[in-house]
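A short write-up of the structure that comes next.
The values are calculated or read from the model by the stated rules, or taken from the named source; none is laboratory data. Since the model is a prediction, treat every value here as computed from it, not as a measurement. Here the Cβ positions follow ideal geometry from the backbone for every residue, glycine too, while neighbour counts run over all protein chains shown. Only protein heavy atoms, including side chains, enter the accessible area calculation; ligands, DNA and RNA are left aside. Shrake-Rupley method; radii C 1.70, N 1.55, O 1.52, S 1.80 Å.
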Amino acid sequence: MIGSALCDALLARGDEVVGLSRDPEKARQTNPTVHWFAWQATLERPPTDAFEGVEGVVNLIGEPINQRWNEESKRRIIESRRASTHNLVQAIGALQDRPEVLVSQSAIGYYGDRGEALVDESTGAGSDCPAEVSVEWERAAHEADELLRVVVIRTGLLLDPGGGLLKQLRTPFKLGIGGPIGGGDQYMSWIHIEDEIALLLWALDDEKVTGTINATAPNPVTNRELSKALGRVLNRPAVLPVPGVALNLMLGRELAETVKGGQRVLPRRALDLGFTFKYPELDPALRDLLG
């Protein structure tokens, strides 16, 4: 979801884009203007030819986390990020002419469940599974710190009608059966897809941007507030809560506990470094995406 939107933005501004994919033929059908190379990410380094003339690298790879968790699925989720990023960094390190910057994805799950506490980039890691995934992902990216400029983007709940949370919530809310999830008091630190892409481009382009950046809007909301806003935009009620026991049945206990938790995240470093969010408030963001 992020990768395709980022490719479109890069191509629109005149950049040449190289893509790494397990299935380059399938990827080519989706975006034929990208130069695609095959890469079995957890098993090997990407091909050296893919880096010829490349100025910046964006690492978005990782198996979806929204699946039932067991020991095997958690292992795949972690290894799809840790091993792939390690292999990518190893390939960059072996190049004679290296790119100038690596922008590597992570997630605000790094912080674990923080309740109502305000969280920024200086906050330490949590101890649950999403935190473990993000810690390993970031550790692999920071193996490149001595090679080139590294930026780690901790993305929040991405709002895009084509996928993710908004796609899952849209249908029940349009049917009038939407509402708060698991109590509704947990914070949801969201970001509009346009601001996510703008942050990635900014991280690629601006040499002063290094280290960790939270990719979340400056105004996080509770799940109850998000539900009410979604109801307003879709002109539907938002009064039918999803109880915790139903989440346990749908998602499994461990993933359900993560969904019922939350983080109240601020993008402090992005703001301090001068980034301007196009959609800092939730209602205008939802109206733009769903109106």
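Odds and ends about this structure:
- Selection within segment 86-124 - open to solvent by 10 Å² or more (accessible area, probe 1.4 Å) and farther than 26 Å from LEU6 by Cβ: GLN96, ASP113, ARG114, GLY115, GLU116, ALA117, LEU118, SER122, THR123, GLY124
- Selected residue (criterion: least open to solvent (accessible area, probe 1.4 Å)) from residues of segment 12-25 that are hydrophobic (A, V, I, L, M, F, W, C) and within 20 Å of GLN105 (Cα to Cα): VAL17
- For segment 229-267, residues that are crowded, with 17+ Cβ neighbours inside 10 Å and at pLDDT 90 or above total 7.
- Scope segment 48-86; condition closer than 21 Å to VAL150 by Cα, assigned to a loop (DSSP other than H, G, I, E, B) and hydrophobic (A, V, I, L, M, F, W, C); matching residues: VAL54, LEU60, ILE61
- Segment 171-191 - residue that is open to solvent by 40 Å² or more (accessible area, probe 1.4 Å) and assigned to a loop (DSSP other than H, G, I, E, B) and, of those, nearest to GLY56 (Cα to Cα): ASP185
- When segment 38-65 is filtered for residues that are without any contact (Cβ under 8 Å) to a residue 60 or more places away in the chain, crowded, with 17+ Cβ neighbours inside 10 Å and more than 20 Å from GLU100 (Cα to Cα), the ones remaining, listed by number, are TRP39, ALA41, THR42.
- Hits in segment 87-138 (condition: in a strand (DSSP E or B) and either among the aromatic types (Phe, Trp, Tyr) or more than 16 Å from ALA203 (Cβ to Cβ) (or both)): LEU118, VAL119
- Residues of segment 68-81 that are in contact (Cβ under 8 Å) with a residue 40 or more places away in the chain, touching a Ser or Thr at 6+ places or on another chain (Cβ under 9 Å) and open to solvent by 30 Å² or more (accessible area, probe 1.4 Å): TRP69 alone.
- When each of GLU194, GLU138 is tested for being open to solvent by 40 Å² or more (accessible area, probe 1.4 Å) and modelled with pLDDT of 95 or more, the lone residue that passes is GLU194.
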